[in-house]
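Working notes, structure below.
The values are calculated or read from the model by the stated rules, or taken from the named source; none is laboratory data. Remember, it's a predicted structure, so these values are computed and weren't measured experimentally. Glycine also receives a Cβ, built like all others from the backbone with ideal geometry; neighbour counts cover every protein chain displayed.
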Amino acid sequence: MAEVILAELGTDMARFPTAGHAASWAGLAPGKHESAGKNRSGKSPPGNKHLKAALVQSAHTVGRSKGNYLAAQYRRLAARRGKKRAAVAVAHSILVIAYHIIDRGTVYTDLGDDYFDRRNEHHTQRRLVKRLEKLGYKVTLEPAATA
């Protein structure tokens with residue numbers, strides 16, 4: 001995938017002011033359909049078909065993996081929006097990550113598969129308690145003893 005990104009984008013990111021511009025050029029920007037002040041889901045813009053196809057294929061592949069941020073993002077979105085929309089969203093994330101790695105010369109650091117749970121722990125706790133209560137359990141939470 002790295003070879004395809006470098007072949008299509010190049011190593012000079014000066015031609016794209018932001019990662020969003022690069023994503024739009026690749027055809028991975030979110031679609032926008034607005035009419036009479038109402039926002040509706042729209043198709044992604046046309047872009048570089050070779051790069052877009054490779055990124056979406058990589059997104060489907062990473063969606064089957066475990067233990068990383070992109071897989072967690074794919075599964076989270078696929079449950080709500082469907083596999084194809086989730087793949088396009090993860091492909092966008094992969095491209096944004098690649099843009100920043102090339103532009104800044106940094107190393108990728110994975111956020112982890114529990115990133116979304118750690119981001120808002122109180123919300124996760126409330127959601128899981130509600131699920132157990134729906135199943136007929138009475139839930140009492142106590143903090144775990146730390147060693």
Complete set of residues in region 30-56 that are surrounded by fewer than 18 Cβ atoms within 10 Å (Cβ to Cβ) and of a type in the set (Gly, Ala, Ser): Gly31, Ser35, Ala36, Gly37, Ser41, Gly42, Gly47, Ala53
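Per-residue answers, yes or no, for (1) β-branched (Val, Ile, Thr); (2) modelled with pLDDT under 90:
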{"residue": "Ala89", "(1), (2)": "no, no"}
{"residue": "Tyr99", "(1), (2)": "no, no"}
{"residue": "Tyr115", "(1), (2)": "no, yes"}
{"residue": "Arg118", "(1), (2)": "no, yes"}
{"residue": "Gly136", "(1), (2)": "no, no"}
{"residue": "Glu142", "(1), (2)": "no, yes"}
{"residue": "Thr146", "(1), (2)": "yes, yes"}
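Which residue out of Ala23, Ala19, Ala29 is at pLDDT 85 or above and under 12 Å from Ala91 (Cα atoms)? Outline the logic, then answer.
Working: Ala19 fails: under 12 Å from Ala91 (Cα atoms); Ala29 fails: at pLDDT 85 or above.
Going through Ala23, Ala19, Ala29 in turn, just one is at pLDDT 85 or above and under 12 Å from Ala91 (Cα atoms): Ala23.
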Matching residues, region 57-84, being closer than 17 Å to Ala26 by Cα and surrounded by 15 or more Cβ atoms within 10 Å (Cβ to Cβ): Ser58, Ala59
Scan of region 57-83 for residues that are in contact (Cβ under 8 Å) with a residue 12 or more places away in the chain, of a type in the set (Lys, Arg) and closer than 21 Å to Gly42 by Cα, ordered by number: Arg76, Lys83
One residue from Arg126, Arg104 being out of contact with any Cys (no Cβ under 7 Å at 6 or more places or on another chain), under 22 Å from Arg75 (Cβ atoms) and either loosely packed, with under 15 Cβ neighbours inside 10 Å or of a type in the set (Gly, Ala, Ser) (or both): Arg126
Test: residue in region 7-17 that is under 24 Å from Arg119 (Cα atoms) and surrounded by fewer than 19 Cβ atoms within 10 Å (Cβ to Cβ): no
Residue in region 109-129 that is acidic (Asp, Glu), touching a residue at least 24 places away in the same chain (Cβ under 8 Å) and touching a Phe, Trp or Tyr at 6+ places or on another chain (Cβ under 8 Å) present: yes
Qualifying positions in region 21-54 - without any contact (Cβ under 8 Å) to a residue 40 or more places away in the chain and of a type in the set (Gly, Ala, Ser): Ser24, Gly27, Gly31, Ser35, Ala36, Gly37, Ser41, Gly42, Gly47, Ala53
